[in-house]
Structure formats: C-alpha cells, structure tokens
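Computed from the coordinates by the stated procedures, all read-outs in this text should not be read as laboratory data. Since we're looking at a predicted model, the values are computed, not measured. FYI the Cβ positions are ideal-geometry reconstructions off the backbone, even for glycines, and counts take in every protein chain you see.
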Amino acid sequence: MNKLPLSASILLPLVVGLVLSNSAGAADNNIVIVGGEGADCIEDVGCVNRLHPDIPMAARARPGQTILFRTRDARDSLGAAAAQTSEPETISGEFSRVHPITGPVFIEGAVAGDVLKITLNNIDPGSYAWSTGGSSGFIPDLVDGQSLVIWRLNRDYAESDDLPGIRIPNGSFPGVVTTMPGPNQLRNMLEREQELADAGGRVSLPMANGADPVALCGPNGRASNECLRTLPPREHGGNMDIRYLKAGVSIYLPCFIDGCGLAIGDLHYAQGDGEVSGTAIEMSADVWATTEILKDGPDLSRGPHYEGPAQLLDIPSRRFYAVTGIPVKDSGDVPPDMRYLNSDVVAGLENLSNDINLAARNAIAGIVDYISSAYGYSRQQAYVIASVAVDIRISQLVDAPNVGVTALLPLDIFIDK
C-alpha cells in the first residue's frame, strides 16, 4: 500500500479538522455541520433547549446528506466535545437549561404529515462525562445523600477515580432525538400536561428562565409560556432515553411542521435500562446522521418506532423492529387496571403520570398493529405472536410524566419473509 508523504500525512488531518470546524449550519456537498460554537447553548446558534414550532432552523439538509451534530451534555456544563481539554473537578449547570439540543435542522422536501427516518451512523464521545445519584431519580426515598462521579472516556470504556475498579463499556447513544411539534400538537401537549399538573401529577411545565432561544422562549419572549421543556418524551420523540438507539439504528419520527426540525442531544456514553438514578454517563459528543422522508410511514401517534442490528439488543435475531409507548390516551378512556378506582380524574385526563402499564399497553397495541399490517396476519394471530416472541422492556422511568416502554419484535422469526 502506498503511504502518504510525510508532509501530506501531517497536513491531511489538519485539513479535515478545518472542514469539521466550520460554523453552525455550514455545509458542503456531503456534510452539514450544526452546533459546537460558543461557551454554552445560549451562545451557540446551533443549539436550543426548548421545543416549539416557531423555533428558527439552524441549518438545512437534503435527505441522504450527512449531518454532524456537535452536541452538549445534559446540563450544558462540559462544553462541546472539541472544547474539552482538562478533567473537570465538579459539575455545575442550572436545571432550567436542561437539555441543550443541537439543531433544529430543516430537512428539504419534508412536509407536515410525513415520517422522518433518521439513521445514526457514528457517535464520537468527548473526553469527560458525569453521573449523579441519590436524592433524585426513581427511588429517591430509598437512597440517602447525593453523589457525583466524573468519568474519563475513550472509544472503548469509561473509568473514574470516584468509582475505582470499574470500567463501563462504550454504549454511546443520544437520549434526545426529536422533531418539532406543530401548532396543534403543541396546544394539545400544553393542555394535557397542564391538566395533569392541576390533578397533582408530576410534569415539567414551561419555564422562561434559562430558556433558549431567548427571543422566543425567554422571559420576554412572545411564546415564553408555550415552549415545551425537553424533559419528557412525547409523540415527536424527544428525551426517549432508550439505550438501544446506538450507531446503526434508524428512528422513525413524525413531521408535524414542514422541514420537520430535527434536533439531537443529551448524549450518553452508557446507560442501564431505566436510568434509575436520573442520569446516565452524561457526555458531549459528535453525532453523524442521515435522513430519509417517508410519505406513507408507520402510525406514530402513540410513540416513535426504531429498528436496527439485533446484536444491539442481545436477542437471537439478526434484525428487529420496535414500537415505543408513553402513557397517553383518549379523553374518557379508563385503562382496565384502573377501573376499580372509579376515578373521574383518570377518565378525563389524556396523560397519566408515570403510568408504566398504560405505556406498555400502547407499545403492545402498536406492535400488534405492526405485525398485522406488515406481515398480513389477523389481529388475533398477531396477538399470539406478540405473546410468545416480543420482548417488553422498560426504556426509562424518570422522565416525568412520560415513562417509556418498548416492545421488541425479532424479525428472524418470519422465515418466509
């Protein structure tokens, strides 16, 4: 094999570095680069931390074109991956700024009503990360005190002086993959989450302090009481915290506005199912992704779908298809497991707080629909297939009000397809 001359071997990485250091939204024929500028998300024109249909697009990309998302950690405290030069001693960051997400990106040719297929091609971790535990998460009443772990990262594993003797393998994935809600979806989400808050449920209502973009969502912004927090997942994706969304996976999200408004953030180096302490190994990272527009995609009204290599799931199948569920329902419905309560409150709500049973019902109903429509079985047959072959897994338990459940279908069971 011919080697580059020494001068070329030195210059080539420099040239590549210059190409990848273009400003947010910079593009050539092959790559669109978004985010990574400034000291924090508010200074970065390619970063926001709220969701709203009127958020300005940070960049444009064609379907199939590679997009590089230069993301920031969940508290916006580490800086972009390229800016990390020394190990932090502690982690700061205001809760009002959770989560910074890189984007949104306008996908050319996409219109409201389409489905956007996002394929994650590569994830390059930053040098450092953090985790917290104690008086937060899923069981705060059973854990006294609070702890902070600072991690050192490489492409293979994470280690920390705060947890000597531990090496965590690289399982990098984005916690947040989202499109923007449309005006009708935004109105419905605001109303149902306000109803839930009024009923005493856990929910993160709009907060103007720390909001970005400031001009739209900040204290003096024209939509200061309308910009959704990024904390729970919703029908458009968002903070799904599904550890299987690794490089090689494709995610199906609805387009509620023209161009979809794709954004990615809250990168995790590794996470266990449930993310029970409230954090994973929280990092900044560079994420490469491509998109495809589907004009007749799957029904995503109860949660996004995703698919990818089955080795990411450790199941005996080369491929899989998955349906997610969150605890939303139609007004007037009462889930069977709650009917004994004779509760007028349950019937009137469209969103139940942290109800894993309702989320699971939605995931199972979705996978039955998928088996029936994709493979031609009756619903009764599809229900049996789901009973004997589909894995139901908890995706996350801490992103109130919308816990997540995933129904996993191994595709190799269909031997004639």
Review point. When a footprinting reagent is the concern and you count Cβ atoms within 10 Å, what order do ASP416, ASP144, ASP212, ASP369 take, fewest first?
Key: ASP416, ASP144, ASP369, ASP212
Exercise for review: Take every DSSP beta bridge whose two residues both sit in the chain, then give the antiparallel share in percent to the nearest 5.
Suggested key: 90
Exercise for review: With N set to the residue count of the stretch 322-413, report its C-alpha Rg divided by 2.2 N^0.38 Å to two decimal places.
Suggested key: 1.15
Exercise for review: Please work out how much length the chain gains when fully extended from ALA112 to ARG202, using 0.36 nm per residue of separation minus the C-alpha to C-alpha distance, in nm with one decimal.
Suggested key: 29.4 nm
Review point. With the dipole of the stretch 6-297 worked out from charges on the C-beta (+1 for Lys and Arg, -1 for Asp and Glu) around the Cα centre, which of ILE166, ASN122, ILE91 lies farthest toward the positive end?
Key: ASN122
Review point. For the residues GLU89, GLU235, what sequence is obtained by ranking on other C-beta atoms within 10 Å, fewest first?
Key: GLU89, GLU235
Practice item. Please list the helices of the chain that count as membrane-span-like by this rule: a mean Kyte-Doolittle hydropathy of at least 0.0 together with Cα atoms stretching 27 Å or more along the helix axis, each helix being a complete DSSP H run. Key: 356-375
Review point. How do PHE69, PHE320, PHE173, PHE414 line up, fewest other C-beta atoms within 10 Å first?
Key: PHE414, PHE320, PHE173, PHE69
Review point. Which residue, chosen from VAL368, ALA81, LEU196, occupies the Cα position most advanced towards the positive end of the dipole of the chain, where the dipole is computed from +1 (Lys, Arg) and -1 (Asp, Glu) charges on Cβ about the Cα centre?
Key: VAL368
**Study point:** Cα centroid of the stretch 256-329 to Cα centroid of the stretch 70-135, whole Å
**Key:** 15
Exercise for review: Starting from the Cα of SER387, step 7 Å toward the Cβ, then list every residue of the stretch 319-347 with an amide N under 20 Å from that point.
Suggested key: 336-337
Check your understanding: By the gyration tensor of its Cα atoms, with a ≥ b ≥ c the square roots of the eigenvalues, what is the shape of the stretch 100-208: rounded for a/c under 1.5, prolate for a/b over b/c, or oblate?
Key -> oblate
Review point. Classify the chain: rounded, prolate or oblate, from the alpha-carbon gyration tensor (a ≥ b ≥ c, eigenvalue square roots; a/c under 1.5 rounded; otherwise prolate if a/b is larger than b/c)?
Key: rounded
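Determine the relative contact order of the stretch 322-413: mean sequence separation of Cα pairs under 8 Å and six or more apart, normalised by residue count, in whole percent.
Once divided by the residue count of the stretch 322-413, the mean separation gives 37 percent.
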Check your understanding: Per-residue ellipticity at 222 nm for the chain, helices alone: DSSP H runs ≥ 4 residues times -39500 (n - 2.57), over residue total, nearest 500 deg cm²/dmol?
Key -> -5500 deg cm²/dmol
Review point. For the stretch 254-343, what's the relative contact order in percent, using C-alpha pairs closer than 8 Å and at least 6 residues apart?
Key: 17
Practice item. Compute the relative contact order of the chain as a whole-number percentage, counting only Cα pairs closer than 8 Å that sit 6 or more residues apart in sequence. Key: 19
Study note, to complete from the structure: By the C-alpha gyration tensor axes a ≥ b ≥ c (rounded if a/c is under 1.5, else prolate when a/b exceeds b/c, else oblate), the shape of the stretch 26-95 is oblate
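Using the Cα centre of the chain as the reference point, and only Cβ charges (+1 on K/R, -1 on D/E), how large is the resulting charge dipole? Debye, rounded to the nearest 20.
That gives a dipole near 900 debye.
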